[in-house]
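So the structure is just underneath, and the comments pick up after that.
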Amino acid sequence: MQVLEAQNLRKSYREKGKEITAVRDVSLRLDGGEVLAFLGPNGAGKTTTIKMIAGLILPDKGHVTIAGRNPHRDNRALRGLGAVLEGNRNLYWRLTAAENLEYFGVLRGLSRRVAQQRGMQLLERFGLMEKRKTVVQALSRGMQQKLAIAVSLIHDPQLLLLDEPTLGLDVEATQHVKSLVREIAAEGRAILLTTHQLDIAEELSDRVAIIQRGEIIAEEPTSELIRQFAGTAYRIELDAEIDEQRQSKLDALGIVVSDRTVIVRDSSLLYSVMAILNPLPLVSVEKDQATLTDVFLKLVQR
Ligand code: ATP
């Protein structure tokens, strides 16, 4: 089911008499159960787009629907939306974990009783039960982030906007937040993930949309995008020095050797190279893999 549709969004700001077009033309769509990584260099227009989707700023052009409702015309659209934007600003630091869940639940239209009940379920699920009576400012950064995500889910939204969900978290908290994101998507919710941590985006997203200067320059399934940018070279690591005789045979094929590493750029030569190296002990033979970081850099530097 289509949960989010953003069509031809445009937004300009006026600053000191000059017009800055932050978002020129952005269209995004997201189905339930899908994680879309929305990536772009600083100033590309991500935050402006997210704010238009969240109903916080009005687009100059284009429109947004969340589960079929327009957040700029119909307040009920916001019931379908949960957001964790810019760190922990969506929590009250002097309230306890349980009080935050109850407060935001009521604010989102739940009865107090339902908000409390759902709050307890979320605390249990997010491993925060023991901290339910602790004020937010006394929680660790990782716990605050998990609580922020729990709060964003209190009213059972279909769309979740997640901005830098693992920034500043230690390894364990990062792993926990990543598995929560996967679980939340597996429940059928749509997740729009913005982050500069491209390894996290690569691990969590089904699709990637890259924005640059206010326009989408690439949008594809994550694995497909990475595959297109993967190289054809092979890297062979040896556990022995290469003798002169082998070295000269490799030179004749134009193969690059650096210490105990052999790079075969023309994959049709792989078996000839392996025959020359035989029977030297191997550590690994790997095909050059692209990462989302490589893809991102190539695209935005074009
Ligand atoms: P970052 O990754 O640095 O957070 P971003 O992709 O979220 O960047 P935006 O914050 O949407 O980018 O900004 C896009 C452009 O619009 C930038 O040039 C920014 O300076 C400008 N801009 C954003 N908000 C305003 C505003 N309120 N008034 C004037 N210009 C703005």
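Descriptive notes on the structure:
- Residues located in segment 5-29, provided they are on the phi > 0 side of the Ramachandran plot and either in a loop (DSSP other than H, G, I, E, B) or within 14 Å of the ligand (Cβ to nearest atom) (or both): Lys16, Gly17
- Failed item, numbered, when Ile210 is tested on (1) open to solvent by 10 Å² or more (accessible area, probe 1.4 Å); (2) within 16 Å of the ligand (Cβ to nearest atom); (3) aliphatic (A, V, I, L, M): (1)
- Counting only strands (runs of 3 or more DSSP E) that sit wholly inside segment 210-292, those with at least 3 residues that are within 30 Å of Thr48 (Cα to Cα) are 215-221.
Residues are listed down the side, and each one gets a yes or a no for (1) acidic (Asp, Glu); (2) within 26 Å of Glu5 (Cα to Cα):
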| site | (1), (2) |
| --- | --- |
| Ala186 | no, yes |
| Thr195 | no, yes |
| Ala201 | no, yes |
| Leu204 | no, yes |
| Arg207 | no, yes |
| Glu215 | yes, yes |
| Arg235 | no, no |
| Asp251 | yes, no |
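- Enumerated helices (runs of 4 or more DSSP H) restricted to segment 30-136, each holding at least 2 residues that are farther than 20 Å from Ala209 by Cβ, away from the ligand (no atom under 14 Å from the Cβ) and small (Gly, Ala, Ser): 97-107, 112-125
- Test: residue in segment 92-112 that is at pLDDT below 95 and within 30 Å of Leu292 (Cα to Cα): no
- When residues in segment 140-173 are screened for being within 15 Å of the chain's Cα centre (by Cα) and open to solvent by less than 20 Å² (accessible area, probe 1.4 Å), 7 of them pass.
- Pairs with Cβ under 6 Å, 6+ apart, first in segment 45-71 and in contact (Cβ under 8 Å) with a residue 60 or more places away in the chain, second within 15 Å of the ligand (Cβ to nearest atom) and in a helix (DSSP H, G or I): Val64/Ile53
The values are calculated or read from the model by the stated rules, or taken from the named source; none is laboratory data. From a predicted model like this one, the values you see are computed outputs, not experimental measurements. When we count neighbours, we look across all protein chains shown, and the Cβ atoms used for this are built from the backbone with ideal geometry, even at glycine. For accessibility, only protein heavy atoms count, side chains too; no ligands or nucleic acids. Shrake-Rupley method; radii C 1.70, N 1.55, O 1.52, S 1.80 Å.
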